[in-house]
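In what follows, a single structure is set out as structure tokens and then discussed.
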Amino acid sequence: MGRVFFGTRKNVHDVDGAYTILDSDSGKVFTLSSTGGACEITLPVAANLVEGAFYKFIVKEDTPTGAITIAAGSAIIDLVMKDAGGNASNSTAGTAVSNILLGTACKQGDIVNVFTDGTTYYAEALSSTDDSITTS
């Protein structure tokens, strides 16, 4: 008898423009492009955070047409990142920020994972290009 696997595929959602994350989006993998220019992905605001919510963002478009902003609406994102040179200069080191910016120098496959404990967003990013993922 063969093995049966249920629920093993990731729920993938293509985003090419502005998008507001929904409660039901937790666990999704978002593939990002910006063929229409700069765009913003809006995370749930601090008052609506649900403990355990997780989102994975992957750059789909090699060198995006416009910057892609992952926006929290307030300074509640703590980011740790490494880029191709091993640099962690864009990590926020405990100083929360409001936005993660995926610039036009990003390459296909650059990744940002975002998780919340219900109070703060924690993010980790890996980029193949120095300084292509920044914060504000």
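The values are calculated or read from the model by the stated rules, or taken from the named source; none is laboratory data. Because the structure is predicted, anything quoted here is derived from the model rather than measured. Surface accessibility is based on the protein's heavy atoms, side chains included, excluding ligands, DNA and RNA. Shrake-Rupley method; radii C 1.70, N 1.55, O 1.52, S 1.80 Å.
Mean-square fluctuations from a GNM of the chain, with a 10 angstrom spring cutoff on Cα atoms, peak among Val15, Val45, Val114 at Val45.
Working note: Karplus 6.51/-1.76/1.60 with θ = phi - 60° gives region 70-86 the couplings 9, 10, 9, x, 7, 6, 10, 10, 9, 10, 10, 8, 9, 10, 4, x, x Hz, where Gly and Pro are set to x. Beta bridges per DSSP, both residues in region 15-136: antiparallel share near 55 percent.
Treating each Cα of the chain as an identical point scatterer and summing with the Debye formula, the log10 of I(q)/I(0) at q = 0.13, 0.17 Å⁻¹ comes to -0.51, -0.85.
Per-atom-type breakdown for the chain gives carbon and sulfur 53% of the accessible area (1.4 Å probe, protein chains only).
In the full protein context, the chain carries 52 Å² of accessible surface per residue, based on a 1.4 Å probe and ignoring ligands, DNA and RNA.
Using a Gaussian network model of the chain in which every pair of alpha carbons under 10 angstrom is joined by a spring, one finds that among Leu126, Leu102, Leu32 the greatest mean-square fluctuation is at Leu126.
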